[in-house]
Amino acid sequence: MIALRMSLISWLMIFCALPSSVFGFSSDFRFCVATAAHQIEGGNLNSDWDRWEQIPGKIKNGDHARISTDSWNHVDEDVRHMKDLGVDLYRFSVEWAKIEPSPGVFRAAEVERYRDLVRRLRAEGIDSMVTLHHFTLPAWVADRGGWDWSGIADAFERYVAFVAGILGPDVRLWVTINEPMTVIAGGYVSDVFPPGRGNISLIAGPITNMVRAHARAYHRLHRILDTSDFRPKVGFAHHLRNFDPGRRGNPLDRYLARKFDEVFNWAIPLATVDGKLRWKVPFLTRTDVFIPEAVGTQDFFGLNYYSRDRLRLRPFKAPFIHRETLRGADTTELGWEVYPVGMDRLLIKIRMMFPGMEIYLTENGLADQDDNQRIPFIREHLKVLEKHIRDGAPIRGYCHWTLNDNFEWAEGYTAHFGFYSLEPGTLKRIPRPSAIWFGEMTRKVKETGRLGE
Ligand code: FCB
């Protein structure tokens, strides 16, 4: 009997000593929604994107972001909805073009609006993750060459220092640049984003400048904000995709998929490990530069995960590289394949390449106006996270893209990523059924640590 009691007690002791991750989501796991200033605020008139939207044919239906969700006039409603969703983190971006509308002219009032928002959120138990660059540049930066401009890292650092001086003490999580490679793919490889260069041989310069700008911002944020008992966390939000060969056995397709993975997914994250930014795609693009200031500049790995691409090389049929979706695959309103396994594959690689580094799902979501796919989509992706967390991965949060339907870049208003749709004319936010489900789910997970069925 004594032996039995002893063993019960020791079992109890072992049970209590186990890390909470063994059981799934810990109580400090963050549920979150993500947005970007240009997509929701309206009135971003001094930016490269506002100009881009005025070029006929660039945005579906000739849409523009001049009003969009008019977020500043709907703060009450939106914060209430975040509470309903049960999120305790809000990822949003601040708009450089509004804060520094012309070189060296900084508008404190613009940053104070964000500071008030941060405090308001905090009062509701919601922390902030602030993105400093989410696709848009001030028009004056674009005029000097945008990401090609050799002075951009200096200018970015100055702007970041100004923002940090006002917002800093209230914010613990910073994203320097959102999806640098999406800017490159959209604006330099193709021409669906500004500056619309459409020439892959031009990508090395702007990528190098992005890594430099990130590194400068990283160090400046820490210099300004670190104290003996406060050290904010700073990182990128990387858009990683799964690149698979269109034809499995085809060596050209396999090579293509490998090269896309090397350049699009890993070139920038790896440069933050050893400072070496390099890749080689014969005849098209290569680079090999050392950026010493980039070493060790990710406090967390920000992963934006959406889908995968199957690539097929057709040497005799322009545009030569074709993106395909598996026949019969489940796809979203934008034709993106629903592929949660891809998130698993990427997390396995991230954990191998960045052992022990904290991970945030800084974006994950889908365009689904009818809301038929959103609940299973989120559930399947969260199951992948749960599996990794049980396996001991330091995954700290999940940001769903996004709160409200908004301006989806080249797609205009045709892609519906929101938990809430907007009533035309009034911009009243209307919950989709998935919003209600998400609120119930987050509460249950917070209570039990499990996703359940
Ligand atoms: C991501 C972007 C975000 C939004 C979603 C749908 O790549 O970061 O702004 O467009 O896709």
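The values are calculated or read from the model by the stated rules, or taken from the named source; none is laboratory data. None of these values were measured; they are calculated from a predicted model. Positions of Cβ are generated from backbone atoms using ideal geometry, with glycine treated the same way; all protein chains shown enter the neighbour counts. Protein only, heavy atoms only, side chains kept; ligands, DNA and RNA dropped before computing areas. Shrake-Rupley method; radii C 1.70, N 1.55, O 1.52, S 1.80 Å.
If I filter region 421-450 down to residues being of a type in the set (S, T, N, Q) and open to solvent by 20 Å² or more (accessible area, probe 1.4 Å), which single residue comes out as nearest to residue 401 (Cα to Cα)?
From region 421-450, those of a type in the set (S, T, N, Q) are 421, 426, 434, 442, 448; that's our starting set.
So of that shortlist, the ones also open to solvent by 20 Å² or more (accessible area, probe 1.4 Å) come out as 421, 426, 448.
On the way: 421: 13, 426: 23, 448: 24 Å.
Once the filter is applied, the top-ranked residue is 421.
Of everything listed in (1) out of contact with any Leu (no Cβ under 6 Å at 6 or more places or on another chain); (2) open to solvent by 10 Å² or more (accessible area, probe 1.4 Å); (3) within 16 Å of the ligand (Cβ to nearest atom), the single unmet condition for residue 95 is (2).
Say we look at region 360-382 and pick out the residues that are of a type in the set (D, E, K, R) and part of a helix (DSSP H, G or I); which of these is most open to solvent (accessible area, probe 1.4 Å)?
At the first step, the residues of region 360-382 found to be of a type in the set (D, E, K, R) are 363, 368, 370-371, 374, 379-380.
Next, from what is left, pick out any that are part of a helix (DSSP H, G or I): 374, 379-380.
Details: 374: 0, 379: 52, 380: 74 Å².
Only one residue fits best here, namely 380.
Are there strands (runs of 3 or more DSSP E) fully within region 227-294 with at least 2 residues that are touching a Pro at 6+ places or on another chain (Cβ under 8 Å)? List them.
Values: elements: 233-245, 276-281, 285-290.
Fully inside region 227-294 and qualifying: 233-245.
Among the residues of region 281-290, are any open to solvent by less than 60 Å² (accessible area, probe 1.4 Å) and closer than 15 Å to residue 211 by Cα? Quick ask: steps written out before the conclusion?
From region 281-290, those open to solvent by less than 60 Å² (accessible area, probe 1.4 Å) are 281-282, 285, 287, 289; that's our starting set.
Now narrow it down to the ones that are closer than 15 Å to residue 211 by Cα: 287, 289.
There is at least one residue in region 281-290 that is open to solvent by less than 60 Å² (accessible area, probe 1.4 Å) and closer than 15 Å to residue 211 by Cα.
Does residue 397 fit the bill of being open to solvent by less than 40 Å² (accessible area, probe 1.4 Å), of a type in the set (Gly, Ala, Ser), more than 13 Å from the ligand (Cβ to nearest atom) and not in a helix (DSSP H, G or I)? Considered against the rule, which asks whether it is open to solvent by less than 40 Å² (accessible area, probe 1.4 Å), of a type in the set (Gly, Ala, Ser), more than 13 Å from the ligand (Cβ to nearest atom) and not in a helix (DSSP H, G or I), residue 397 comes out as yes.
Assessment of region 326-336 against the conditions (acidic (Asp, Glu), away from the ligand (no atom under 16 Å from the Cβ) and either in a loop (DSSP other than H, G, I, E, B) or over 23 Å from residue 266 (Cα atoms) (or both)) yields at least one matching residue.
Quick check on my filter: what residues within region 337-359 are in a loop (DSSP other than H, G, I, E, B) and either open to solvent by 20 Å² or more (accessible area, probe 1.4 Å) or within 14 Å of the ligand (Cβ to nearest atom) (or both)?
Of everything in region 337-359, those that are in a loop (DSSP other than H, G, I, E, B) and either open to solvent by 20 Å² or more (accessible area, probe 1.4 Å) or within 14 Å of the ligand (Cβ to nearest atom) (or both) turn out to be 338, 339, 355, 356, 357.
Applying the selection to region 410-453, what residues are within 15 Å of the ligand (Cβ to nearest atom) and closer than 14 Å to residue 365 by Cβ? 411, 415, 416, 417, 418, 419 - these are the residues of region 410-453 that are within 15 Å of the ligand (Cβ to nearest atom) and closer than 14 Å to residue 365 by Cβ.
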